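Chemist: Below is one structure. I have some questions about it.
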Amino acid sequence: MQIDWRDYACGEAYDELISSPGNPRKAARHLASYLASLSGEELQDRKLSAELAIKTMGISFTVYSDAGNIDRDWPFDIIPRIISQREWQKTERGLVQRLAALNCFIDDVYNDRKIIKDKVFPEELLADSSNFRPECVGMKPALGVWAHVCGSDLIRDHKGQFRVLEDNLRVPSGVSYMLENRKVTKRVFPELFENHAILPVTEYPNQLFDTLAAISPRPLDFPEVVVLTPGIYNSAYFEHSYLAQQMGVELVEGTDLVVEDDTVYMRTINGLARVDVIYRRIDDLFLDPEMFNPDSVLGVPGLMRAWLKGNVALANAPGAGVADDKLVYTFVPDMIKYYLDEDPILPNVPSYLCNDKKQRDYVLANLDKLVVKPANESGGYGMLMGPQASKKEREAFAQKIKANPRNYMAQPLIELSTAPVVTPRNAEPRHIDLRPFILQGRESHVTPGGLTRVAMTKGSYVVNSSQGGGSKDTWVVVEGDK
Amino acid sequence: MLSRVAERIYWMGRYMERSENMARLVNVNSHLLMDLPKGIRVGWGSLINISGTGDYFRRGDTELADERTVVRFMLSDRDNPSSLLNNLSWARENARITREIIPMEAWELINDLYLDVKDNLSKSVARRERNRVLQQVITRIQQFTGLLAGCMSHNSAYDFIRTGRNLERADMTTRIVDAGSANLLPHLTGGDDVLEPYDNILWMSVLRSLSAYQMYRQHVQDRVNAEDVVTFLLQDGLFPRAVSHSLGELEACLKKLPNSDDALRAVTGVRRRVRTADIPALLQTGLKEYIDNLQLEIADIHRQIASTWFLPVAPLEATPSETVIT
């Protein structure tokens, strides 16, 4: 069926494209009328050709299951999500500000611990953090930056306000899908690019390379930068390979690297070649079997020695994950004030810490209204969606919280914003979030837009691709043009 | 270039070439059948022997196997490590691992080819459809070769792909010569002569399986005969699928790579022995032993290449993929 925006079922949530039935938002006006001009058949045709393009381009991700690891085609909805440039500029500033404060925090907790001495941040939270690495205490990475690449999850509440849901500072993934989504849209809707001024996303790989090159221990124009992957069986392997390809650097596995005299080398057909910067996509604990998990076959023995001596740079730095903790998250607005003496541009989602008795009691009494998250998990695992859970599930979860309060925090269920997706019949709203990527090196960069993830099931809030989520191309559009 | 990547890209070259050869073999046998009178059985089983996968064939005597069974085994059997589908899936896995090295279009081509073949192979048991599908496989692999020649820097990675391709090609040609002589030579030395009137047709099909017929006719004026065909396929320096030429290409690739002395020594030795072999004498005494030996020498070139450039512990060689491919 042809799309008629007058029939579009706007709900309670803020919709990114349609403000009320029949009324597209200003930045989305062209897009909405274009989509409505397509016949139902044409629309399904475009959808099919997007699926074909994804197959051919081999855009895939890996799902772990009992039956083995399955390589799945990337789920994609063809209707782009639109953000106006004016709004984005403010968001961008907020993200840069946030990462700058987070980096100050990480550098501080591994060195002087001023923020604890000044009683802005409680020491016990640090002591219990599973991502704090005592091995890194006293380390001073180049430029004072620990987290060079950050993927922050943003959601928009029912008023349309962007809020930060979490900051991913360990090995955030998804940026390659952001880049590939744009390519797919160009293949499927080439005509749309004529009538919109859309900010290009293609600069990311160059900016990433510049960020990495800036922290090289050897002062070279083109230091030897590599991407370290756990290998082809990792769910994000596609991305690792993609980024290496786009930056024109080697994609290495642990077995390709060797440490001699506290210096890292890779095994090449010419013999050993020195490595300056490693963009590692392996978790801290697997990096170096000498220092962390002795059973790790993914890592490189001696890598930490080389890093601590300053002979190789690691991005993100080991230990940066200390700020990637859902309890630490609640202190980010305080950090911004403390380190930068600025007001936070982007607000957090209101949060309750379960290690505080008063807040915990509130959480336990209101489990049916809250989303409870474990402090150190990612990918949407181990969460309780209070309003949708059964009484039994809530009771079981209450026990878990009481047993280990430090491990949990709770947030009110935010009505995530929606955007239309193509369904077999026409277009319906689905909940979405947004993961922009922020780089900090000598300069800071933010991707224009980011990866929009979609909960493809009606009414669902789960956007993770490992759990059936999909994605959309995200356009930051210059208004008033054309 | 990383040793691990060199290894994988080399195997990608080999698997792509092996896929093409597999398609050629099956296709030519199908055509040959149409030229022979009813009642004369040309063993479909010889295809299995040529590809050296007899050990994986679990449906009885290869010589007695019928067309359907053999075609399915050669093209789509997951248990046959050299089936077309497995070759393509391994080529694809290796390409996926080295995706940052090869041009994007090359990866898309391999990926597309694999997905297409996977979807259409079940249809290709019937002869008509089979020809179309296999011809497409051959064409697209040649397109792949052309795409690399035209769009990929002729760097070390490119040399490793060509190294893999030429080594595989030399190996396959020896197998085809071996199979041709095994089927055809008995009556040359006074054995079973049922097939004798059709010798000509059979040797022509051997040439056709390597797209060599036309080039052979330009080169050899005489009618198609065992001695000339074997000489052409082993010793010709100009025909791309002749063993001597493939080894020459291999030599040229290796020369451009660092530290290539040991590998080069292995290749030049084999090439010299191929070029100076006394074919008429070998045809009398039995080609089989000579070819078996040649295949061992080719395998040794691979070992030299591996020990010079690849990682000390080979992470993937014969079975590059454990993922479930859906």
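Chemist: Enter the mean projected area of the convex hull around the alpha-carbon atoms of region A:234-358, in nm², rounded to one decimal.
Modeler: Values: hull surface 46.1 nm².
That works out to 11.5 nm².
Chemist: Still on this structure, please answer the following. Can you give me the three principal axis dimensions of region B:126-188 from its C-alpha atoms, in Å, biggest first?
Modeler: Here the spans come out as 50, 30, 12 Å, largest first.
Chemist: A further question follows. Find the eigenvalues of the gyration tensor of the Cα atoms of chain A, then list the square roots of 5 times those eigenvalues as equivalent ellipsoid semi-axes, largest first, in whole angstrom. Write out the running numbers ahead of the final one.
Modeler: On the way: eigenvalues 261, 166, 90 Å².
Semi-axes (√(5λ), whole Å): 36, 29, 21.
Chemist: If you rank B:His31, A:His148, A:His196 by fewest surrounding Cβ atoms within 10 Å, what's the result? Could you put the intermediate results ahead of the total?
Modeler: Working: B:His31 13, A:His148 28, A:His196 19.
Ascending number of Cβ neighbours within 10 Å: B:His31, A:His196, A:His148.
Chemist: Here's a follow-up. Which of the DSSP-defined H helices in chain A satisfy a minimum axial length of 27 Å, computed from C-alpha atoms, and a minimum mean Kyte-Doolittle hydropathy of 1.6? Walk me through the numbers before you get to the answer.
Modeler: Working: long enough: A:85-110 (38 Å, -0.60).
Flagged H segments: there are none.
Chemist: Could you give the Stokes-Einstein D for region B:2-87 in µm² per second, using the C-alpha Kirkwood radius, 20 °C, 1.002 mPa s? Present the calculation step by step, with values, prior to reporting the outcome.
Modeler: Details: Rh = 13.9 Å.
It comes out at roughly 155 µm²/s.
Chemist: Can you give the helix-only mean residue ellipticity at 222 nm for chain A, where every DSSP H stretch with n ≥ 4 adds -39500 (n - 2.57) and the sum goes over all residues, rounded to the nearest 500 deg cm²/dmol? Write out the running numbers ahead of the final one.
Modeler: Details: 15 runs with 141 residues, N = 482.
One gets -8500 deg cm²/dmol as the mean residue ellipticity at 222 nm.
Chemist: Just the number, please: percent antiparallel of the DSSP beta bridges in the protein assembly as shown, rounded to the nearest 5. Walk me through the intermediate numbers first.
Modeler: Numbers: 53 of 72 bridges.
Beta bridges within the protein assembly as shown, antiparallel portion: roughly 75 percent.
Chemist: Right, another one. Past the 25 angstrom mark, what percentage of all C-alpha to C-alpha distances in region A:174-304 do you count?
Modeler: Percentage above 25 Å: 35.
Chemist: Next up: Give the percent of DSSP beta bridges with both residues in chain A that are antiparallel, rounded to the nearest 5.
Modeler: Details: 52 of 70 bridges.
Taking every DSSP beta bridge within chain A, about 75 percent pair in antiparallel fashion.
Chemist: Any chance you could get the radius of gyration and Dmax over the Cα atoms of chain B, in Å?
Modeler: 19.4, 57
Chemist: Can you give me the three principal axis dimensions of region A:285-341 from its C-alpha atoms, in Å, biggest first?
Modeler: Projected onto its principal axes, the Cα set of region A:285-341 covers 41, 24, 13 Å.
Chemist: Quick one: what does P(r) look like for region A:1-90 with 10 Å bins over all Cα pairs, in whole %?
Modeler: Spelled out per bin, shortest first, that is 14, 33, 29, 20, 4.
Chemist: Give the dimensionless ratio obtained when the Cα radius of gyration of region A:397-482 is divided by 2.2 N^0.38 Å. Write out the running numbers ahead of the final one.
Modeler: Numbers: Rg = 17.6 Å, N = 86, 2.2 N^0.38 = 12.0 Å.
The value comes to 1.47.
Chemist: As an exercise, use a Förster radius of 41 Å and the Cβ-Cβ distance of A:Lys119 and A:Ser390 to find the FRET efficiency, rounded to the nearest 0.05.
Modeler: Values: r = 42 Å, r/R0 = 1.02.
Calculated transfer efficiency: 0.50.
Chemist: Could you compute the FRET efficiency for B:Glu67 and B:Arg132, with r as their C-beta to C-beta distance and R0 at 25 Å, rounded to 0.05? All intermediate terms of the calculation are to be shown ahead of the outcome.
Modeler: Numbers: r = 17 Å, r/R0 = 0.68.
Here the calculated transfer efficiency is 0.90.
Chemist: Return B:Phe160, A:Phe209 ranked ascending by Cβ neighbour count within 10 Å, so the fewest neighbours appear first.
Modeler: Values: B:Phe160 29, A:Phe209 20.
Fewest to most other Cβ atoms nearby, the residues stand as A:Phe209, B:Phe160.
Chemist: Oh, and also: Would you mind checking which residues have amide H under 5 Å from A:Thr452's amide H? H placed 1.01 Å from N; only 5 or more apart, or other chain.
Modeler: A:Arg435, A:Lys472, A:Thr474
Chemist: Which links in A:Lys326/A:Lys402; A:Lys47/B:Lys118; A:Lys357/A:Lys402; A:Lys47/A:Lys458; A:Lys119/A:Lys337; A:Lys183/A:Lys472 stretch past 20 Å when you go from one Cα to the other? Don't skip to the end; give the middle numbers.
Modeler: Details: A:Lys326/A:Lys402 17 Å; A:Lys47/B:Lys118 23 Å; A:Lys357/A:Lys402 10 Å; A:Lys47/A:Lys458 18 Å; A:Lys119/A:Lys337 13 Å; A:Lys183/A:Lys472 12 Å.
A:Lys47/B:Lys118, as the Cα separations exceed 20 Å there.
Chemist: Give the long-range amide H neighbours of A:Arg430: residues separated by 5 or more places, or on another chain, with amide H under 5 Å away, using H modelled in the peptide plane at 1.01 Å from N.
Modeler: The answer is A:Ala419, A:Val421.
Chemist: Still on this structure: Over the Cα atoms of region B:84-183, each weighted equally, I'd like the Debye log10 I(q)/I(0) at q = 0.11 Å⁻¹, rounded to two decimals.
Modeler: -0.40
Chemist: Given a Förster distance of 51 Å, report the FRET efficiency between A:Tyr233 and B:Gln221 from their Cβ-Cβ distance, rounded to the nearest 0.05.
Modeler: Numbers: r = 57 Å, r/R0 = 1.13.
Computed FRET efficiency for A:Tyr233 and B:Gln221: 0.35.
Chemist: Oh, and also: In angstroms, what radius of gyration and Dmax does region A:48-192 have, counting Cα atoms only?
Modeler: When restricted to Cα atoms, region A:48-192 yields Rg and Dmax of 20.3, 59 Å.
Chemist: Sticking with this structure for a sec: Region B:196-261: D in µm²/s via Stokes-Einstein (Kirkwood Rh, Cα pairs, 4 °C, 1.567 mPa s)?
Modeler: On the way: Rh = 12.9 Å.
Answer from the Stokes-Einstein relation: 100 µm²/s.
Chemist: Whole number please: convex hull volume per residue, Cα atoms of the protein assembly as shown, in Å³. Present the calculation step by step, with values, prior to reporting the outcome.
Modeler: Numbers: hull volume 151.5 nm³, N = 808.
Looking at the protein assembly as shown, the number lands at 187 Å³ per residue.
Chemist: Quick one: Karplus J couplings for region B:98-109, per residue in order, coefficients 6.51, -1.76, 1.60, θ = phi - 60°, nearest Hz, x for Gly and Pro?
Modeler: 10, 4, 6, 9, 8, x, 3, 5, 5, 5, 4, 5
Chemist: While we're on this one: Report, by chain and number, residues whose modeled amide H sits under 5 Å from the one on A:Leu413, excluding near sequence neighbours (fewer than 5 apart, same chain).
Modeler: A:Val371
Chemist: I need two numbers for region A:170-238: Rg to one decimal and Dmax as a whole number, Cα atoms only, in Å.
Modeler: Cα-based Rg and Dmax for region A:170-238 come out at 16.1, 47 Å.
Chemist: Whole number please: convex hull volume per residue of the Cα set in region A:283-428, in Å³?
Modeler: Numbers: hull volume 31.5 nm³, N = 146.
It is 216 Å³ per residue.
Chemist: Another question, if that's okay. What does the C-alpha gyration tensor say about the overall shape of region A:257-299? Classify as rounded when a/c is under 1.5, otherwise prolate if a/b is larger than b/c, or oblate. Provide the component values of the computation, followed by the final result.
Modeler: Details: a/c = 2.12, a/b = 1.84, b/c = 1.16.
Cα axes put region A:257-299 in the prolate bin.
Chemist: Same structure, new question: Cut-off is 10 Å between beta-carbons; in what order do A:Asp283, A:Asp343, A:Asp15 appear when sorted fewest neighbours first? Walk me through the numbers on the way to the answer.
Modeler: Details: A:Asp283 18, A:Asp343 9, A:Asp15 23.
Ordered from fewest to most neighbouring Cβ atoms within 10 Å, A:Asp283, A:Asp343, A:Asp15 come out as A:Asp343, A:Asp283, A:Asp15.
Since every read-out is calculated from the coordinates, none of them should be taken as a lab result. If you're wondering where the values come from, they're calculated on a predicted model, not measured in any experiment. For neighbour counting, all protein chains shown are included, and Cβ atoms are generated from backbone atoms with ideal geometry for every residue, glycine included.
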